[in-house]
1. Under 9 Å by Cβ, and 6 or more places apart or on different chains, what pairs join a residue from the stretch 70-97 that is closer than 16 Å to Arg56 by Cα and in contact (Cβ under 8 Å) with a residue 40 or more places away in the chain with one that is open to solvent by 30 Å² or more (accessible area, probe 1.4 Å) and part of a helix (DSSP H, G or I)?
2. State the number of residues belonging to the stretch 1-19 that are of a type in the set (Lys, Arg) and open to solvent by less than 20 Å² (accessible area, probe 1.4 Å).
3. Does the stretch 25-46 hold any residues that are farther than 12 Å from Ile197 by Cβ and surrounded by 24 or more Cβ atoms within 10 Å (Cβ to Cβ), and which are they?
4. Which number in (1) free of Cβ contacts under 8 Å to residues at least 60 places away in the same chain; (2) open to solvent by 10 Å² or more (accessible area, probe 1.4 Å); (3) not acidic (Asp, Glu) marks the one condition that Val55 misses?
5. Return the residues of the stretch 127-137 that are open to solvent by 30 Å² or more (accessible area, probe 1.4 Å) and either among the small types (Gly, Ala, Ser) or closer than 25 Å to Leu206 by Cβ (or both); say none if nothing qualifies.
6. What is the one condition in (1) buried (at least 22 other Cβ atoms within 10 Å of the Cβ); (2) assigned to a helix (DSSP H, G or I) that Lys142 does not satisfy?
7. Could you list all residues from the stretch 145-180 that are open to solvent by less than 60 Å² (accessible area, probe 1.4 Å) and in a loop (DSSP other than H, G, I, E, B)?
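The values are calculated or read from the model by the stated rules, or taken from the named source; none is laboratory data. Everything quoted here is computed from the prediction, not taken from an experiment. Quick reminder, even Gly has a Cβ in these numbers, built from the backbone with ideal geometry, and neighbours come from all protein chains shown. When the accessible area is computed, the model is the full protein with side chains, heavy atoms only, and any ligands, DNA or RNA have been set aside. Shrake-Rupley method; radii C 1.70, N 1.55, O 1.52, S 1.80 Å.
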Amino acid sequence: MTPIERLGRFPVLPILNQSDTKQALSTAEALLEGGLDVLEITLRTETAKESLQAVRKEFPNILLGAGSIQTPKQIKWAKDHEIDFVVSPGWSDENWECSRDIDIPLFPGVISPSELMHAIAQGCRTPKIFPIEPIGGIAYLKALLAPFSKQGLSCIPTGGIGMEMVSKYLRIGSALTVGGSWITPFKLIESNDFKTITRLANSSLLLANQDQ
């Protein structure tokens, strides 16, 4: 099963933005206990790379992604350290070409029709739509995707999506999964409340079947 196929098994992609290495390991363990063997750690902190390496070593079977990727150098680092996929906040031809050259899945961020057209022309069918909630949420995503309904897109809506909105995004039909930092909020990590993270992870598995 490819990383993209594995990712599509989960309604939510947990996103970890802030943590030290010990906290990242505890978060990954909590997610696994809740039935989520997937995690994206963004490169927003000085300890992010160390955290990714530690999680990769401790939990070799977890589907692990590096987020906030901005350069080919970061993409190559992720590949060299056996990260399964990379996620970028925006589109870059250079990053896309690099990801294809070294064979690592990249989910590049797009938000406008022009960006999406360009991504499709470059062969991308799995864009990250970011930041979706601040720019219009469900209504905007439907309008954005409507002209491209025959392109076979499997997008990842991300940015400000809470638990209560996940099912609505999934029902659009073109969502591979939904990015969510609400499963791994820093306030829970800081207070060592990993049991709640496990409960949130477990609850997230039911969201694909909810009718809201």
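1. Taking only residues 6 or more apart or on different chains, the pairs are Asp84/Pro3; Asp84/Arg6; Phe85/Pro3; Phe85/Ile4.
2. 0
3. Once the filter is applied, which keeps residues that are farther than 12 Å from Ile197 by Cβ and surrounded by 24 or more Cβ atoms within 10 Å (Cβ to Cβ), the stretch 25-46 yields Glu40, Ile41.
4. Failing condition for Val55: (2).
5. Residues satisfying the conditions are Phe130, Glu133, Gly136.
6. So the condition that Lys142 fails would be (1).
7. Taking the stretch 145-180 first, the residues open to solvent by less than 60 Å² (accessible area, probe 1.4 Å) are 145, 148, 152-159, 161-162, 165-167, 169-170, 172, 174-180.
Correct list: Gly152, Leu153, Ser154, Thr158, Gly159, Ile161, Gly162, Ile172, Ser174, Leu176, Thr177.
One line per residue, one yes/no per condition, for (1) closer than 21 Å to Leu63 by Cα; (2) at pLDDT 95 or above; (3) under 18 Å from the mean Cα position of the chain (by Cα):
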site: Lys128; (1), (2), (3): yes, yes, yes
site: Gly137; (1), (2), (3): no, yes, yes
site: Gly179; (1), (2), (3): yes, yes, yes
site: Leu188; (1), (2), (3): no, yes, no
